[in-house]
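The block underneath contains the structure these notes are about, expressed in structure tokens.
The values are calculated or read from the model by the stated rules, or taken from the named source; none is laboratory data. Quick caveat, the model's predicted, so the values are computed rather than measured. Cβ coordinates were reconstructed from backbone atoms using ideal geometry, including for glycine residues, and neighbour counts include every protein chain displayed.
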Amino acid sequence: MSRIRGAFVPFFEFDNRLRGALQAGGLLALALAASLWLGAAAQAQETQIIYPGSMAVTGFPGTVIPNVDEGLPPGVDPVDETFIDISRATLRVFDVSHLGGPASGQLVFTPPPFEVTAGQIGEVFGLTYDDGVRDGVPSGVPNLYAAATSLHGIEIVTPDADKDGRPERQRRGTAGATFMEGQFGTENGGGPGTIWKIDGITGQVAKFADIDSNSGPGIGNITFDPVHRQFFASDLDTGLIHRIDADGRLVDTFDHGVAGRPAHGLAPVADDGAVMDVQGAAFDTEDPDSWGYTEDERRVWAVSYHGGRLYYSVGEKSEIWSVGIARDGTFAGDPRWELTVKADKDYAVTDIAFDNSGFMYLAQRGPIENRYDYSRFADSGKGEVIRYFRENPDDPSTESVWVEAPQEYAVGFPQGNRQSAGGVDLQYGYDADGNLDTSVCTQTLVNTGDKLRDNPEFAEKLAEGGPLAVHGVQITPKELVKPANVPPFGSWFVDFDGYFEDPEVEGHVGDVAVWHPCEGRAGYYQEIPGGYEPPFYPPDFPPPGNLPPCLDVENVQYYCTPRGLEADLYLHDHAGFGGDSIKAQSRTPGVAVTSPMSHAPGKPYTIDITGHYPGDRVDVGLCFYRKSDKDKGGYYPCCKMTLPLRTPAVSCER
């Protein structure tokens, strides 16, 4: 796709005859033909397809009745002859650099997006970008990765038995059944465990990696670790998190059910071995419980690498966990429970994103459904988009380091404003005229949703901003948490497929991912992975004489908070005297360092740093001691060290 700026093409000006809906036997055949806007299938481009601010979105491509011009025999239900339209896109990359004006709840008409069709990659949900390193050289243009999914339904067929040129749709498992064409990209060697790679320069599509053991449930989501140049993908079949190297080779796995749960006092839960068997009598396309998903207690959905740890969500009563990634890129074996999501409904969190202040954003997706007429893939209308931030100071009386009550965003105009479809990410900022401002990092929230502009109460006002049946992406300044932006007239909206005659569909939109490189730019909020610079502790401040070290620092993680820069110190007690508290002092003139009055067991030691310049080295004097010794009065043992901290080369000032 050539980058087109400043020109927005209203979808409704195209020849709608090419998008006409077919009414037959009560069936609204969803998007039977492609419009001019959809263009051709993905192919090699003359110019790159991904730029800073590019927004990738996944979704259901629509349906078609092959050979419908020949008509259907009397008594034949059109839905039985309706199939996934493999000529239409399951992945689109949008240019949202110019939104056409200030946000007023309007639909944005973007330039034609780059597309990848169902015939090429099948149904996909999870998305991530790499770092654009090609043959060891940074190119500045990332590649995009998309993961196979069952979240847009599972469709099966048997060979053509009535000689009408179409295979036979099946509702239940039966001998000879296979996945429908367009389900998993099987024509190009894909399957339910495939991760696809889309070249960010040429647009060429190739299979990147395969989790061969996945029988059909697909992949929950994927994320890229830029420090070690590797990927993580959650397997809905087994519950394993797979670590994948930059060449697409599966390296090893982390089993949350067995290795994670006990870290929070929960009984281990192993995979039950259930698989999706589309030829077995127990399989029912309309019953997700027959699809071979691993048990809910070990079912990992979203994954997101951040600050030296892999964050992930588990189950319908969603919990957020994390596990450290060691210096060599392996799983560190230190899983920890972060929080249990507080939302109105116990829905799976299918996407996690972080901004440069360390705030964590979560998107729910309603329970899986799979209507035979393709109308509904999720029970939408109650899923939330929320964000958490860390307690400051940490409240030792609470179990989590994150605030207990999250902030919520208004998603869509329907009553309740909870239309989340399960995708969330951060975008650069926008100026007053809706133009992308790449000098302002992670200032805008983007999330997917259903029926985003549909509310009879506001129909007249909404009609001024375009069609009402919008299933796609909502774009919102991230500071507009509820009660602000209710109803969301402070947002922009982008439709996934440019088709507006499908008001009743649900769950047809999937994930969203934005390419927003901004690491290391002064004036932005950036959490820096700790423990990599300097690589070893103790530092170059030896203790007096030949005394052995009594304390070292295993890891440091930085966060921006409303009070400034926060450093979390992960300490190792070499002396073994059971220290549980620290005092911290700045040894750098002009810089202030403060530490909390109390410390919760099992949590990092937190200090606040102010008065420094981004990137400065700050020497921090530490005294590590037992609180019970200090409380006795008089002298008490104290393990002392001076810790040189290289602060992030970014500012936490607002």
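Worth a mention:
- Residue pairs whose Cβ atoms lie under 8 Å apart, separated by 6 or more positions or on different chains, with the first residue in region 367-382 and not assigned by TED's automatic domain parsing to the domain that holds T82 and the second buried (at least 18 other Cβ atoms within 10 Å of the Cβ), do not occur.
- Applying a threshold of 7 Å to beta carbon distances and a minimum spacing of six or more residues, or different chains, the list of pairs starting in region 441-452 at a residue that is assigned by TED's automatic domain parsing to the domain that holds F354 and ending at one that is basic (K, R) reads C441/R521; Q443/K478; T444/K478; L445/K478.
- Looking only at region 281-305, residues that are part of a loop (DSSP other than H, G, I, E, B) and surrounded by 16 or more Cβ atoms within 10 Å (Cβ to Cβ) come to 7 in all.
- Here region 124-183 is the region considered, the condition is being of a type in the set (A, V, I, L, M) and over 20 Å from A233 (Cβ atoms), and the residue that is modelled with the lowest pLDDT is V137.
- Listed by position, the strands (runs of 3 or more DSSP E) contained in region 555-646 that have at least 2 residues being touching a residue at least 24 places away in the same chain (Cβ under 8 Å) and outside the structural domain of D355 (by TED's automatic domain parsing) are 564-573, 581-586, 605-610, 617-625, 639-646.
- Checklist (1) out of contact with any helix residue (DSSP H, G or I) (no Cβ under 9 Å at 6 or more places or on another chain); (2) crowded, with 17+ Cβ neighbours inside 10 Å; (3) not in a strand (DSSP E or B); (4) not aromatic (F, W, Y) applied to A363, failing item: (3)
- Any hit, region 425-432, residues being closer than 21 Å to T90 by Cα and more than 19 Å from the chain's Cα centre (by Cα): no
- Test: G333 is assigned to a loop (DSSP other than H, G, I, E, B), at positive phi and crowded, with 20+ Cβ neighbours inside 10 Å: no
- For region 606-622, the criterion of being surrounded by fewer than 17 Cβ atoms within 10 Å (Cβ to Cβ), farther than 23 Å from V401 by Cα, over 38 Å from the mean Cα position of the chain (by Cα) and modelled with pLDDT under 85 is met by none of the residues.
- Strands (runs of 3 or more DSSP E) contained in region 70-143 and holding at least 3 residues under 30 Å from D164 (Cβ atoms): 114-117
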